[in-house]
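The values are calculated or read from the model by the stated rules, or taken from the named source; none is laboratory data. Values in this document were obtained by computation on a predicted structure and should not be read as measured data. Glycine gets a Cβ as well: all are built from the backbone with ideal geometry, and neighbour counts include every protein chain shown. Keep in mind that these areas ignore ligands, DNA and RNA; they rest on the heavy atoms of the full protein, side chains included. Shrake-Rupley method; radii C 1.70, N 1.55, O 1.52, S 1.80 Å.
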Amino acid sequence: MEMYLYIALFAPIVGSLFAALFGAQPKTPIVGYVTSALIFTSLVASTVLLGAVMDGEIVHVELMTWIAAGDFYVPFGFQVDQVTVIMMMVVTLVSTIVHVYSIGYMDHDKGYNRFFSYLSAFVFSMMVLVMSDNLLGLFIGWEGVGVCSWLLIGFWYHKESATWAANEAFIMNRIADLAMLIGIFLTYWSMGSVQYDVIFAEAQYIDHSTLVTIGIFLFIGAMGKSAQFPLHTWLADAMEGPTPVSALIHAATMVTAGVYLVIRCAPMYDLMPEVGYFIASLGAFVAMFAATMALVNRDLKRIIAYSTLSQLGYMFVAAGLGAYWVALFHLMAHAFFKALLFLGAGNVMHAMDSELDPVKMGGLFKVMKVTAILMIIASVALAGIWPLAGFFSKDKILEVAFSGEHYILWGTLWVTAGLTAFYSFRLIMLTFFGEERYKNFGFHPHEAYKYMLYAMSPLAVLAVIAGWFEHQFVDFVTQMLPTFEFHTHHVEMILILVTSAIALGGIITAIVMYRNGPLSTKWESQFAYKVLINQYYIPQIYEKFLVQPYRELSDIFWKQIDMKIVDASVDAIATTFYNTGEATRGMQSGNLSTMLKWMVAGLVILLTLAVAFSVGYIAIIG
Amino acid sequence: MLEHILSILIFFPALAALLGFVVNKDSIRVYGIAVAGMEFVLALVLWGAYDPSIAGMQFMERMDLIPAFGISYLLGIDGISLFIIILAAFFTFIGIATLPNLKNIKNLIITLLFLQMTMVGVFAALDAMIFYVFWELSLVPMLYIIGAWGGEKRIYASVKFFLYTFAGSLVMLIGMLFMAFFYFQATGVWSFSILEWYRLVLPENIQLWLFVAFFFGFAIKVPMFPFHTWLPYAHGQAPTIGSVILAAILLKMGTYAFVRFSLPLFPDASVYFMFPIAILAIIMVVYTAMVAYAQKDIKQVVAYSSVSHMGIIVLGTFALNVEGISGAVFLMIAHGVVSGALFMLVGVFYDRRHTKLMSDMGGLAHIMPHYATIFGIMMMASVGLPLTINFVGEFLCLLGFYQQSHIFTLLAGTAIIVGAIYMLAAFKKVFFGNVVHEENKNLPDVNKKELFGLIPLVMIVVWLGVYPKPVLGPINNSVESIVQLMHDKAVTQEAKSVIPDLTKKVVISETIIEEVR
């Protein structure tokens, strides 16, 4: 089995390096095929491993030493267990599809080869992230996906907005990464290792406040990668990247790394329910907060990005309340339907010459039937309608909240479920139905390549059926993750009905409201709309109170402090010496009478000193 | 040959430099490459012959110079100095090999070879006087390089560089004389041998004074805040080769000397000054990173980033545990490689356009994709991406200091944020966007000569990032014995508790420890 582990892990990086060989050249079609084939190989190897883990075999290898200094020791160790293998399947499956899709999507781009190199490097980093058997190995993947995300958001680097967004994402993630590093330091100094098996066994014996501190710092790390408030602004801006990137990185895989971290550290978080409750509350808040921003946005991809943010909030609620398997289940289901939704949006973008405003579309159903149907399936799944995937996973999260008697959390998530359904179908209605407004703007939409649609179809199937395997899924992952006791059997049916009702209500409201195209622009002058369209003014606040002061302070540090104080005082000392020399130069002119004058002066001073000292000396002694 | 390999390493380039005066101007480049190449091979031989399982000094050579004062020609290396010597040989080699066509290139190459002598000498010396002589001699070639091949304000910059560091060194010299005097008081004989000084236990108040005296010499060299302002001038005016050697090797003299002198000689003072120095280090990290962000000249960005990274090295050194000090020594190597490479990369553009202003660049990724790629890799190494060389060092430095203070580590850890800010911002200004300057449109990408210098650096960055053991292992061994020595020598209870007891036998020197009364 070790061989399959290495194949699954290293096939993507081989592809990336292969593509990098052609990096600076114009499009070389073989690059797309080879990288896709290698990712597919990784998928096959992961499937084999899935079979092995199902048979109860946990694969664990130690490749070699990485860092060893003093008592600190960390190897390149990889482990495939129930949680890992699920993540591996999700990552490689979505990656394969996105790779194949990208062959079509990036067809005319002159950075074709470069794109595949970055994309495969991302998959490799993600595999390292999920497969490592220690926290520092996870951190390698963590930073690796960060860099690939930076490269891919800023892929079209001639665009100012793209490179700005790339830097924003990287720097904001770095803030969280610092917290994560601190968490790792504390883990090492309190438990003597960063290996999962050691620290999970050790966690119950260490001081509770230390454990809580570790939990908080690791979670702050997770907040960065999963774009939780207040580190969320980068995700919407990250939509500057090519759409397949948004599908793979900013919906299905990388942004769920934070959730994965909490699930992975379940044995630790299980010991600190107070931190868990904080995670859940923040998750519920973000779920609602992001959903409200999606309500009014006029950018196809940003709407989906906010929806991702919102769904990540759902996952954190489940993970925080101890229902780790539910979080993982929703993570998986969400990866399928959200990637599908993004790829569909990619088709629309292609058809509309990169136009993203759904208000300028409308009636696209006629020209892009397949894309429209795929996106509707994804939206229904996202809204949580029976029998699609979202119904099973999201419903369970609401049940978890209800079961723990966290009625406020439940209520928040319940309302958000309605909002989710509403904004999803607002998008569908504006894009695909109603008046064909695109004609006024001179667009000539067309359906995407056939094989792109074929590539998307597995996701559509999974978005429909993924939920049906709930029981098998539970049995499988709870071999490792703690089970969750539901205390809701008496109200289970009622809960399902109530939740489905609000989702359906949301869908119907959206269909009714937007059946004739966009609303009148009258309400755009209202306060609520302005707040929402400006994302609660948070980006502006960051710009005004963080970015600008930093820039100004840097300038002051350089020009005022470094140049005018620190350096100037050094020069002042030097100048003093210089001037003293200059001023006293006259003494040594060689003129006999001047020299004699100074000699007399010196003699007098020395005599005076001698007398003064001897008097003083006698006074002290005598 | 192996028993005199250190002497050969020191004096071979110097002799070759003397001979260089009679070499024809046209063949001097080949001559220089050959000499530096042989020196580099010798350094590799040294590595091959080095026994990583021994923590103490190896390849020791001894010859009495002034027996009456105990001054002797004493050489030896351990895991801490070995790799800096190899790095010095390596950078001189690729530095000379990639020299662009400058005027008076013959003098430049001869100067570089002399500089190499002084660099190897500093790191191989085990006698304080020999150390001091090489330490001061290293200023002369650099003064000449900046003063003769520098930019507009080269005279000001080189004089400032010389006088500033020289002033600090004089204070250090007084400290050394006192140290020898205390040794004389305790034992009745004079000695300047560092290894014999190691055996001396000093009372805390004397340690404090001596620590401060040494500190001035080292801190200005590092350079630590607020003694750093000579550095931006020196880098700003120096030719590329000067900046590369300065950043890669010369700055490391200061931090190396902390590990070689300050920690083992004055363990109690090191503990006493740990937090004040940590505060200076944190200011270095954050403040200079912000100053770097404000720069308009790409070379100044790299120069200030050097100071910022040196802050992490100082912090790791004063973690006073094996993790931190090993990390600091490793980061010296890492930072040498990465900052050296970044200065070379800045030089690549400067040779083409004779400007270093970022406003004259922009969109270079379109025109020079290979250049952008290598720059990108080095930038990522500089911001401490895992699996690059810098991460290993930075991580261990911060990990080490975390044992001493949580909050200070958190503050110093902002290095990974502020570092990313100035680096990414600079990268964006230089490489992203559209090409706005007509002159840049037809710039050639990196040529073979430049790649000859840059590709090995990229390989080292990745190799030691993925597999640091060949370097980290020997470093770790030698650092362990230093930490143990410090623990054994510490006189105050506080210092004993701060410096970990590894319960290992000290093997640097003999076990007799004398007491000063």
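Data table
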{"read-out": "For A:Ile67, residues with placed amide H under 5 Å, excluding near neighbours", "value": "A:Val74"}
{"read-out": "Cα-based equivalent ellipsoid, region B:1-134: semi-axes from gyration tensor eigenvalues, Å", "value": "28, 17, 11"}
{"read-out": "Anisotropy class of the protein assembly as shown from Cα gyration tensor, a/c 1.5 cut", "value": "prolate"}
{"read-out": "With at most 16 other Cβ atoms within 10 Å, longest stretch of chain B clear of loop GluC sites (Glu not before Pro) (DSSP)", "value": "B:153-509"}
{"read-out": "Cα-Cα P(r), region B:407-454, percent of pairs per 5 Å interval", "value": "5, 14, 13, 14, 16, 15, 9, 7, 5, 2, 0"}
{"read-out": "Whole-percent carbon and sulfur share, accessible surface of chain A, 1.4 Å", "value": "69"}
{"read-out": "Over region A:200-350, volume per residue of the alpha carbon convex hull, in Å³", "value": "88"}
{"read-out": "Hits among lysines - C-alpha to C-alpha of B:Lys103 under 21 Å, sequence gap 8 or more where chains match", "value": "B:Lys25, B:Lys153, B:Lys356, B:Lys449"}
{"read-out": "Separation in nanometres of the label points that stand 7 Å from Cα toward Cβ, at A:Val48 and A:Asn440", "value": "5.8"}
{"read-out": "Set of aspartates and glutamates near A:Lys225 by C-alpha distance (under 13 Å), chain-local residues within fewer than 8 positions excluded", "value": "A:Glu143, A:Glu168, A:Asp177"}
{"read-out": "At least 30 Å² accessible surface lost relative to isolated chain, residues of region A:146-176 (1.4 Å probe)", "value": "A:Val147, A:Trp150, A:Tyr157, A:His158, A:Thr163, A:Asn167, A:Phe170, A:Ile171, A:Arg174"}
{"read-out": "Between region A:549-622 and region B:210-235, the alpha-carbon center distance in angstrom", "value": "23"}
{"read-out": "Separation of alpha-carbon centers, region B:388-465 and region B:1-80, rounded to whole Å", "value": "32"}
{"read-out": "Computed helical MRE - 222 nm, the protein assembly as shown, DSSP H runs ≥ 4 contributing -39500 (n - 2.57), nearest 500", "value": "-23000 deg cm²/dmol"}
{"read-out": "Of A:Lys366/A:Lys522; A:Lys544/A:Lys564; B:Lys106/B:Lys448; A:Lys564/B:Lys296; B:Lys160/B:Lys221; A:Lys366/A:Lys450, those spanning more than 20 Å from alpha-carbon to alpha-carbon", "value": "A:Lys366/A:Lys522; A:Lys544/A:Lys564; B:Lys106/B:Lys448"}
{"read-out": "Sparse-neighbourhood loop sites, trypsin sites (Lys or Arg not before Pro) in region B:125-189 - DSSP loop, at most 13 other Cβ within 10 angstrom", "value": "B:Lys153"}
{"read-out": "Accessible area of region B:273-466 divided out per residue, in Å², using a probe of 1.4 angstrom", "value": "26"}
{"read-out": "Sites B:Leu208 and A:Tyr451, calculated FRET efficiency, Cβ-Cβ separation with R0 60 Å, nearest 0.05", "value": "0.20"}
{"read-out": "Net charge over other residues, Cβ less than 11 angstrom from the Cβ of A:Gly70 (K, R count +1; D, E count -1)", "value": "-3"}
{"read-out": "Neighbourhood net charge (12 Å Cβ-Cβ; Lys/Arg +1, Asp/Glu -1) for B:Lys296", "value": "+1"}
{"read-out": "Stretch gain in nm, segment A:Asp357-A:Ile511, where the contour uses 0.36 nm per residue and the Cα spacing is subtracted", "value": "53.6 nm"}
{"read-out": "Per residue, in Å², the accessible surface of chain A once ligands and nucleic acids are set aside, probe 1.4 Å", "value": "38"}
{"read-out": "Equivalent-ellipsoid semi-axes of region B:168-245, from the Cα gyration tensor, Å, largest first", "value": "33, 14, 9"}
{"read-out": "Region B:273-466: relative contact order as a whole-number percent, Cα under 8 Å and 6+ apart", "value": "31"}
{"read-out": "Apportionment of accessible area to carbon and sulfur, region B:257-305, percent (1.4 Å)", "value": "77"}
{"read-out": "Chain A - Rg over Rh from alpha carbon coordinates, Kirkwood radius", "value": "1.17"}
{"read-out": "Gyration tensor verdict on region A:386-534 (Cα atoms; rounded if a/c is under 1.5, prolate if a/b is larger than b/c, oblate otherwise)", "value": "oblate"}
{"read-out": "Hull shadow area, averaged, chain B [alpha-carbon convex hull, nm²]", "value": "21.9"}
{"read-out": "Solvent-free Debye scattering, log10 I(q)/I(0), computed from the Cα coordinates of region B:273-466 at q = 0.10, 0.14 Å⁻¹", "value": "-0.41, -0.74"}
{"read-out": "Alpha carbon centroid spacing (whole Å) that separates region A:266-319 from region A:184-205", "value": "28"}
{"read-out": "Cα-based shape type of region B:5-59, given that a ≥ b ≥ c are square roots of the gyration tensor eigenvalues and the cut on a/c is 1.5", "value": "prolate"}
{"read-out": "Separation of the A:His158 and A:Met64 label points, Cα + 7 Å toward Cβ, nm", "value": "4.2"}
{"read-out": "Interface burial for B against A (accessible surface, 1.4 Å probe, total of both chains, Å², rounded to 100)", "value": "5200"}
{"read-out": "Antiparallel content of DSSP bridges confined to chain B, in %, to 5", "value": "80"}
